[in-house]
Amino acid sequence: MYQQYGFQTPRSALAKTADEAARLASEIGFPVVLKIVSPEILHKTDIGGVLVGINDAEEASRGFDRIMVSAKRAYPHAQIDGVEVQEMVAGGTEVIIGLLDDPQFGPIIMFGLGGVFTEVLKDVSFRVLPIERSDALEMIREVRGYQILKGYRGQPPVSEEMLAELLLNASRMGMEHAGKLESVDFNPIVVWEDQHRVLDCKIIWHKQPKPAPVASPANTAHMAGFFKAKSVAVVGASATPGKVGYFVLDSLLNYDYQGKVFPINPSRAEIMGAKAYPSLSAIPEPVELAVVAVALSLVPDLIDECASLGIHNMVIVSGGGKELGGDSAAVEAEIRRRAKANGVRVIGPNCIGVFDGQSRLDTFFQVHERMIRPKGGRIAVLTQSGTVGCIFLEGAADLGVSKFVSYGNRTDVDEADLLAYLADDPETDLIAMYIEGLEDGRKFLNTAREVSKKKPIVLFKVGRTERAARASMSHTGFFGGSYEVARGAFRQAGLVVVDSNEELLAASKALAMQPLARGPRVAMISNGAGSMVQGIDLLKNYNLEMPEISPETVKRLREVYPPYYIVQNPVDVTGSGTSTDYENGIEALLKDPNVDIVMPWFVFPDTPLEEDIVQKLERLNRAYDKPIVVGTMGGPYTIKMSKAIEAVGVPVFLSVRDWVAAAHSLAFGRRNAG
C-alpha cells in the first residue's frame, strides 16, 4: 500500500519452502536478505528472523530453515506466511520514518537514524500531521545524525530534498488514513545521494477505526471578565483566619483592587467590614465574577445560579476534583457540562486563580506578607501549577505582569482559550507558560502556532520521563505520548521551549527587555574568561553559534586595546578591563554584521571596571537595535551593579546557563513571526 505514496522497495518475493527460497534468491541476484513474514512477529531481528548477506542458493536454503526454526521457537503459535527473499542494498545510511496516532496530538510523524538502535539512540524528531516542507527540513536538521546525512569520510551527502519529499509523502499517507492507522514504521530506509529503498515496513491498524481528529477552535467568549470585572463575589468567604475563603477575600478587599467585593456566607452579616450576603441571588447589584471557595459538590448549582443572574465568569479555587477520581471526578464532569450548557466560563478548579497587573484583580489565597504581587507589565503568565506560578510572579516582580492565570484542572477554560485571548490583548507583549500535560494537544498546537506569529510564547513543560509501559508494538509507538513528541509539536508551533523554572524567567526577562535577534550568532566579551568558557560549552545545546568577528571589528579593537587583550570571539579584556574598554568592545560587536547578539560578562569585583559602565550600557542599548544580555555572578556589590544595569533597560543574568538561555530565547523568539 505504501508504494503508492512514492516509497521504493528492493525487489523481493515470498518463499514458502527452502527450495523456493534458493530459486528466488538466484532469480533476484546475490547478495540477498531473508526475513520472516508473520503478522504476529514485529521485531524480527530480535528472534533471529532476519539474515543478511546471503551469497548463494545453498546458503539461502539453509537460511530459510534456520529462520523458520527460530521463529517457531520464539512464537510457537504464530501465523507464519513464509520467508521474504529480498534484494540486498549495500552501503548507504539507515533512517526511520514513522507514523503514530499519538494520545495527545493525534497523527504525528517521526524521523531519525534507523535500524535496530532506534530506541537506544533516541535520535529522532517529531511533528504533528500534516506537515509542510519547512517542517520536514527542520525535522531532518534537528537529529544529531544530521552530520552523517551531510556526508562524512568521503561519502556524498544524502539529498535533503529527497528526504523531505519522503516525509511529505508519509504525511499524506498518515492524513489520508487518519483514525485507521495506529502506527507505521518504515525502518530501515536505506538512503544514499538522491536514492532510497524501504527495507522493512510495519503497519498496525486500529482494531476499531476512529474518527479523523478535528481540532476544536479556541473559545474566547467572556474572557475579559476574568481580568477587568468591576464587581466580584467570593462564595465561601470566611471570617476565620486560616480558611482559604478568608485569604481570598482579604486579597480582593484590602489591597489594590478598586472594584466592589461581595462576601457570600449565609451565617455572617459582615466580614472584614464588608456586608455579607447569604447567596449570589441576594446581592442587590450586578456581579461580574464569582470566586468559589466551597466544596465542589456545591458548584454545579452555583453555575446555574450564575447563569440566571447573568454572571459569565467563575474562578474555582477549591480542590478535590478529578485528581481524586470516583465521585469527585464525576462532580467535575458535571461542572464542565453545566458550564458549557449555561455559557459560564470557568477557570479551575484546583488553582489559585487570576491576577491582573492593571486592574489589580487578585484571587490569590497567598497573603501579601508572604507573596509579592508584581507591578503592571507586559508579560502574561499561564500556569497549570499555582506553586510554579507563585515562584514566577515573585521573580518577575520588577519586570511586571499584565495578566496571570493559574488554571488547574481546566474544566472549561484551557491553555488554548487563554492564548487566543492574549493574542489580541493590548496589555500583553509576551506569554510565559508552564504546563504539565495537554488535554487537547491539537487544539493547543493550532492556537499556539497562530498566536506565536503575533507574540513570543515561552514554554516550560514537565512530565518528561519515559512512560512506564515500555512494551511498545512499534519503534514509533515506543515514543508515543513522550516529551519528544510534545517538544516537536512546540517547535512546529514556533514556541521558545525552555528546561527549567529559572530558564522560563530568564527567557521572559530577555524577551521583555530586549529586541528579538536576527539570528543565532553570539559574541562574548569579558574581564574574566572562565565564565565565558562555560557559556561557550553550552552554546551548541542551545542552538547558538559563535562566529568569527569581522576583520573591521578586529582592526577597530586593536587600535584602541593594549596588545595583551585578546581580540577574537570571545573578546577577553582581562582583569585590567575598564568601562571604556567594555564600551569600545560592545559597540564594535554591535556594529559587526557577523553578530546577532552581544553577551558581555562582568566580573564586578575587578577594581579597574568603573561604575559608569551603567551609563555606557544605557547609551549602547538605546543606540543599537541588537540585543544585549549581561551575565555576572557575585556577592552584594555584584547584585547592586546588576540592579543598576537593569534599571536602565539591560537584562542581567546571575548564572551562566540562564545567560545562554536568555540569548537562545532572543534568537528563536522570532522563528514563527509573521
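The values are calculated or read from the model by the stated rules, or taken from the named source; none is laboratory data. All values derive from a computational prediction rather than experimental measurement. Positions of Cβ are generated from backbone atoms using ideal geometry, with glycine treated the same way; all protein chains shown enter the neighbour counts. Heads up: the accessible areas ignore ligands, DNA and RNA and are worked out on the full protein's heavy atoms, side chains in. Shrake-Rupley method; radii C 1.70, N 1.55, O 1.52, S 1.80 Å.
The table below gives the values:
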{"item": "Derived scalar couplings ³J(HN,Hα) [region 581-596; Karplus, 6.51 cos²θ - 1.76 cosθ + 1.60; whole Hz; x for Gly, Pro]", "result": "4, 4, 4, 4, x, 5, 5, 4, 5, 5, 7, 6, x, 7, 10, 9"}
{"item": "Largest to smallest principal axis extent of the C-alpha atoms in the chain, angstrom", "result": "97, 77, 37"}
{"item": "Solvent exposure of region 484-634 as accessible area per residue, Å², 1.4 Å probe", "result": "39 Å²"}
{"item": "Ratio Rg/Rh [Cα only; Rh per Kirkwood] for region 274-335", "result": "1.01"}
{"item": "Rounded to 10°, Cα long-axis angle of helix 326-342 versus longest principal axis of the chain", "result": "70 degrees"}
{"item": "Solvent-free Debye scattering, log10 I(q)/I(0), computed from the Cα coordinates of region 84-230 at q = 0.14, 0.20 Å⁻¹", "result": "-0.70, -1.22"}
{"item": "Fraction in percent of alpha-carbon pairs per bin - 10 Å, region 206-344", "result": "11, 37, 33, 12, 4, 3, 0"}
{"item": "Taking N as its residue count, the alpha carbon Rg of region 1-147 over 2.2 N^0.38 Å", "result": "1.21"}
{"item": "With all protein chains modelled, accessible area of Val95 [1.4 Å, Å²]", "result": "0 Å²"}
{"item": "Sum of -39500 (n - 2.57) over DSSP H runs of 4+, divided by residues of the chain (222 nm, nearest 500)", "result": "-10500 deg cm²/dmol"}
{"item": "Surface share of carbon and sulfur [accessible, 1.4 angstrom probe, percent] for the chain", "result": "51 percent"}
{"item": "Cα-based radius of gyration of region 540-589 once divided by 2.2 N^0.38 Å, which approximates compact folds", "result": "1.20"}
{"item": "Degrees, to the nearest 10: 656-668 long Cα axis against longest axis of the chain", "result": "80 degrees"}
{"item": "Translational D in µm²/s for region 218-298 (Stokes-Einstein at 10 °C, 1.306 mPa s, Kirkwood Rh from C-alpha pairs)", "result": "122 µm²/s"}
{"item": "Centroid-to-centroid separation of region 434-448 and region 11-86 [C-alpha atoms, Å]", "result": "45 Å"}
{"item": "Ranked order, Ser482, Ser308 - accessible area, probe 1.4 Å, largest first", "result": "Ser308, Ser482"}
{"item": "Whole-Hz ³J(HN,Hα) from phi, Karplus 6.51 cos²θ - 1.76 cosθ + 1.60, for region 206-212, glycine and proline x", "result": "4, 5, 10, x, 10, x, 4"}
{"item": "Semi-axis lengths, Å, region 322-370, gyration tensor of Cα atoms, sqrt of 5 times eigenvalues", "result": "27, 16, 5"}
{"item": "Computed magnitude of the charge dipole of region 318-464 (debye, nearest 20; Cβ of K, R +1, Cβ of D, E -1)", "result": "300 debye"}
{"item": "Cα gyration tensor shape of region 152-269, rounded if a/c is under 1.5, else prolate or oblate by comparing a/b with b/c", "result": "prolate"}
{"item": "Straight-distance crosslink candidates among lysines, where the alpha carbon sits under 27 Å from Lys202 and sequence neighbours closer than 8 are dropped", "result": "Lys16, Lys35, Lys44, Lys72, Lys122, Lys180, Lys210"}
{"item": "Shape of region 386-435, Cα gyration tensor, a/c cut at 1.5", "result": "oblate"}
{"item": "Under DSSP loop assignment and at most 10 Cβ neighbours within 10 Å, longest trypsin sites (Lys or Arg not before Pro)-free interval of the chain", "result": "471-674"}
{"item": "Rg over Rh, two decimals, region 562-633 (C-alpha only, Kirkwood Rh)", "result": "0.93"}
{"item": "At 0.692 mPa s and 37 °C, Stokes diffusion of region 345-475 via Kirkwood alpha-carbon radius, µm² per second", "result": "212 µm²/s"}
{"item": "Beta bridge orientation in the chain: antiparallel %, DSSP, nearest 5", "result": "50 percent"}
{"item": "Principal-axis tilt of helix 529-539 within the chain, Cα atoms, nearest 10 degrees", "result": "60 degrees"}
{"item": "Cα-based shape type of region 532-662, given that a ≥ b ≥ c are square roots of the gyration tensor eigenvalues and the cut on a/c is 1.5", "result": "rounded"}
{"item": "Amide H contacts of Leu129 (H built 1.01 Å from N, under 5 Å, at least 5 apart or other chain)", "result": "Ile108, Ile109"}
{"item": "Listed residue pairs exceeding 19 Å between alpha carbons, taken from Lys509/Lys626; Lys275/Lys403; Lys228/Lys260; Lys228/Lys453; Lys230/Lys454; Lys322/Lys443", "result": "Lys275/Lys403; Lys228/Lys453; Lys230/Lys454; Lys322/Lys443"}
